[in-house]
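The values are calculated or read from the model by the stated rules, or taken from the named source; none is laboratory data. All values derive from a computational prediction rather than experimental measurement. Quick reminder, even Gly has a Cβ in these numbers, built from the backbone with ideal geometry, and neighbours come from all protein chains shown.
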Amino acid sequence: MGAGAVRAAGFSYPFLSYRLADLGFSTTGISGVLALFGVGWLVGQILWGRLADVLGRRTTLVSAMALAAVVMPLLAAVTNPFTVGASAVVAGVVYDAPRPIVSAVVADDVPDDAARASITGWRHFAINVGAAITGATGGLLADRTGLALLFWINALACASFAIIALRYMKADSPRIPTATPAGNVRSALRDVRLGLLWLASLLALTPVAGLFSIMPLLMERNGMPASAYGWTQVASAAAVLLLSFPLNGWLARRTRSSSMVGLLAASSLVLGAGIGSAGLASTTLQYAAAAAAAVPGEIVAFVAAAAILDRIAPPHARGLYAGIWGSTLAGAIICAPTLAGWSLAQSGPGLVGLTTLLCGVLGAVVCLPLGLLLRAGADVPSPAAAVAR
């Protein structure tokens, strides 16, 4: 619930493009700063995942949220292009820090595959409810009080989460055996299964990132205010509310009889087509429909990828594996605005939609060798696990 609350107050990234537009940044400049935020996000996922194994879950989560409480207001204060870019990188490092840490905690404490899949589904549900609050509340506040207050609220939520984690999480117990180098990044990167899962997830989640970067760019280009973008977030979360109950139960049952790779491929196609259709939109209703159409793929993608990750991650490196996988969303945050900015400059919204669709198709294609490898080597340990022995 703490991660969902932080997401509900996570105004910094979704409304960053509007903040940059107020500062006079061009479309290319906005895309560049959003990509810098994504660079920080990518580094942060691996960093916090690794530290969760080395220092412990609670210490890492409290540290990350305390740092976020300091960094987020900087985005509302700085105006120089260099300091804006630097602040965006640091804010990206801490913005999604809870994700790999909480994933590792769930893998530690919940041994049943179906139960983990159910928890993952409901975590995603909570995050999307948070996104609805972010979109609706942020849109209303931005029009009435200005954007700066949103970044301060984001900081306050992170500080509150740090205090709650310090008070209620159990004492830390680092997971990496002191007598071995197991769990290091090089060992994890030699796991081909993790590499294929990372690439497939990156391609599938680039359209998801488009909900927070491509869509506001397109809507801002059409002269729509921040409040209109907020309604697309509400539409997306409403679809999550409607579909989460049936899909989460179905996905939990599927984990007992399926590797989930096929579902990850299908979700990639749905995401590419759903968010890609925003390239044809011109009204708030049409953008909202595009956001809602991608929701089934989004729910399935996160649950399926998490189930595959739990299958391949060795116990002593769960934080690291979760962090490396979590960097896919960060990579998508880099790719989505970069592709959108290039496509808008080259042709227009139609090319934005086409490149988004292509990402989904390629994600499904990458799932083919991943599925073959998992079936052929179900009992073959990862390099990290081999080192641990």
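Among what's in region 144-177 and is part of a loop (DSSP other than H, G, I, E, B) and surrounded by 14 or more Cβ atoms within 10 Å (Cβ to Cβ), pick the residue that is modelled with the highest pLDDT.
Step by step, filter region 144-177, then rank; the result is Met169.
Inspect region 311-328 for any residue being over 30 Å from Leu55 (Cβ atoms), of a type outside the set (Lys, Arg) and at pLDDT below 90 and give the result as yes or no.
no
Could you identify the single residue in Arg311, Arg318 that is charged (D, E, K, R) and more than 24 Å from Ala64 (Cβ to Cβ)?
When all the criteria are applied, what remains is Arg311.
For Gly262, which of the numbered conditions (1) in a loop (DSSP other than H, G, I, E, B); (2) under 26 Å from Gly195 (Cβ atoms); (3) not β-branched (Val, Ile, Thr) fails to hold?
Result: Gly262 fails condition (1) only.
Would you be able to tell me the number of residues in region 223-258 that are in a helix (DSSP H, G or I) and either buried (at least 17 other Cβ atoms within 10 Å of the Cβ) or among the aliphatic types (A, V, I, L, M) (or both)?
Residues flagged as in a helix (DSSP H, G or I) and either buried (at least 17 other Cβ atoms within 10 Å of the Cβ) or among the aliphatic types (A, V, I, L, M) (or both) within region 223-258 amount to 24.
Take the residues of region 251-262 that are of a type outside the set (Lys, Arg) and modelled with pLDDT under 85: which is nearest to Ala292 (Cα to Cα)?
Result: Ala252.
Matching residues to (1) modelled with pLDDT of 80 or more; (2) out of contact with any Pro (no Cβ under 9 Å at 6 or more places or on another chain):
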| position | (1), (2) |
| --- | --- |
| Ala179 | no, yes |
| Gly210 | yes, no |
| Met215 | yes, yes |
| Pro225 | yes, yes |
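Tell me whether region 299-314 contains one or more residues that are free of Cβ contacts under 8 Å to residues at least 60 places away in the same chain and part of a helix (DSSP H, G or I).
Yes, the conditions are met somewhere in region 299-314.
For region 326-379: of the residues being outside any helix (DSSP H, G or I) and not hydroxyl-bearing (Ser, Thr, Tyr), which is farthest from Leu47 (Cα to Cα)?
Gly348
Suppose we filter region 42-70 for residues that are closer than 16 Å to Phe151 by Cβ and crowded, with 24+ Cβ neighbours inside 10 Å; how many remain?
The total comes to 2.
Might you let me know whether region 48-60 holds any residue that is on the phi > 0 side of the Ramachandran plot and at pLDDT below 90?
Yes, the conditions are met somewhere in region 48-60.
May I ask you to list pairs of residues, at least six apart or on different chains, whose Cβ atoms are under 8 Å apart, with the first in region 330-346 being under 16 Å from Pro216 (Cβ atoms) and of a type in the set (Phe, Trp, Tyr) and the second being in a helix (DSSP H, G or I) and modelled with pLDDT of 85 or more?
From residues that are under 16 Å from Pro216 (Cβ atoms) and of a type in the set (Phe, Trp, Tyr), there are no pairs.
Any idea which of Pro337, Pro383 is in contact with a Lys or Arg (Cβ under 7 Å, 6 or more places away or on another chain) and modelled with pLDDT under 85?
Result: Pro383 is the single residue among Pro337, Pro383 that is in contact with a Lys or Arg (Cβ under 7 Å, 6 or more places away or on another chain) and modelled with pLDDT under 85.
Quick one: would you say Ala91 is assigned to a helix (DSSP H, G or I), modelled with pLDDT of 75 or more, more than 18 Å from Ala165 (Cα to Cα) and over 16 Å from the mean Cα position of the chain (by Cα)?
Spelling it out, it is not the case that Ala91 is assigned to a helix (DSSP H, G or I), modelled with pLDDT of 75 or more, more than 18 Å from Ala165 (Cα to Cα) and over 16 Å from the mean Cα position of the chain (by Cα).
Taking region 294-308 on its own, how many of its residues are buried (at least 24 other Cβ atoms within 10 Å of the Cβ) and either out of contact with any His (no Cβ under 8 Å at 6 or more places or on another chain) or over 14 Å from Ser267 (Cα atoms) (or both)?
Counting residues in region 294-308 that are buried (at least 24 other Cβ atoms within 10 Å of the Cβ) and either out of contact with any His (no Cβ under 8 Å at 6 or more places or on another chain) or over 14 Å from Ser267 (Cα atoms) (or both) gives 10.
If Thr83 satisfies every condition in (1) crowded, with 24+ Cβ neighbours inside 10 Å; (2) under 20 Å from Val39 (Cβ atoms); (3) not charged (D, E, K, R) but one, which is the exception?
Condition not satisfied by Thr83: (1).
State whether one or more residues within region 122-143 are modelled with pLDDT of 90 or more, over 21 Å from Pro216 (Cβ atoms), among the aliphatic types (A, V, I, L, M) and within 19 Å of the chain's Cα centre (by Cα).
For region 122-143, residues modelled with pLDDT of 90 or more, over 21 Å from Pro216 (Cβ atoms), among the aliphatic types (A, V, I, L, M) and within 19 Å of the chain's Cα centre (by Cα): absent.
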